[in-house]
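Right, one structure below, let's go through it.
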Amino acid sequence: MKIKMRFFRIITGIGITLLVSSCSVSTFGKFQADEGIPSFIQVGKTTREEIMTTLGEPLVHRFVVGKETLIYNHERGEYFFLYGTYEGNELVIRLTDQIVSEVKLEKTGSGWGFFAPATSNNPGTRRSAR
């Protein structure tokens, strides 16, 4: 009986450990931050249609200072209970007359420690292009 109870406690402990730890990757569109700016995007040449066909629908699509802006997002985090790491990136593409006029990769946040997910990329933060 003692062996069964001990085995049950070990299995329960392992199960709880697995439940409170996790990994998370969030992307919007087919953008991967670790690959950098996609090589097919060239300022003055690439069209809006090529971007939408290749990367899909952006997370944010709006006009900023008279330029059409497409923003793709990639976030990654690893968490163990309340402690974890986080890194967020945005690919910001500005268009003039449906041709790329500016493209940049922006780091929107990173962190580690307790409540690291709280540093996530929220619209309206200082570092977000949204």
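Below, the figures for the structure above:
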{"read-out": "Members of segment 46-98 found to be over 19 Å from GLY109 (Cβ atoms) and among the β-branched types (Val, Ile, Thr), listed by number", "value": "THR46, THR47, ILE51, THR53, THR54, VAL64, VAL65, THR69, ILE93, THR96"}
{"read-out": "Scan of segment 41-57 for residues that are closer than 11 Å to LEU95 by Cβ and within 19 Å of the chain's Cα centre (by Cα), ordered by number", "value": "ILE51, MET52"}
{"read-out": "Residues being surrounded by 13 or more Cβ atoms within 10 Å (Cβ to Cβ) and either part of a helix (DSSP H, G or I) or at pLDDT 95 or above (or both) - total across segment 29-40", "value": "1"}
{"read-out": "Scope segment 50-105; condition in a strand (DSSP E or B), of a type in the set (S, T, N, Q) and surrounded by fewer than 16 Cβ atoms within 10 Å (Cβ to Cβ); matching residues", "value": "THR96, SER101"}
{"read-out": "Selected residue [at pLDDT below 90 and not aliphatic (A, V, I, L, M)] from GLU68, GLU87, GLU102", "value": "GLU87"}
{"read-out": "Segment 45-62 residues that are at positive phi and of a type in the set (Ser, Thr, Tyr), paired with ones that are in a helix (DSSP H, G or I) and modelled with pLDDT of 95 or more (beta carbon under 6 Å, 6 or more apart)", "value": "none"}
{"read-out": "Which numbered condition HIS74 fails, given (1) closer than 17 Å to THR54 by Cβ; (2) at pLDDT 90 or above", "value": "(2)"}
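The values are calculated or read from the model by the stated rules, or taken from the named source; none is laboratory data. Computed from a predicted model, the values in this text were never measured in an experiment. Positions of Cβ are generated from backbone atoms using ideal geometry, with glycine treated the same way; all protein chains shown enter the neighbour counts.
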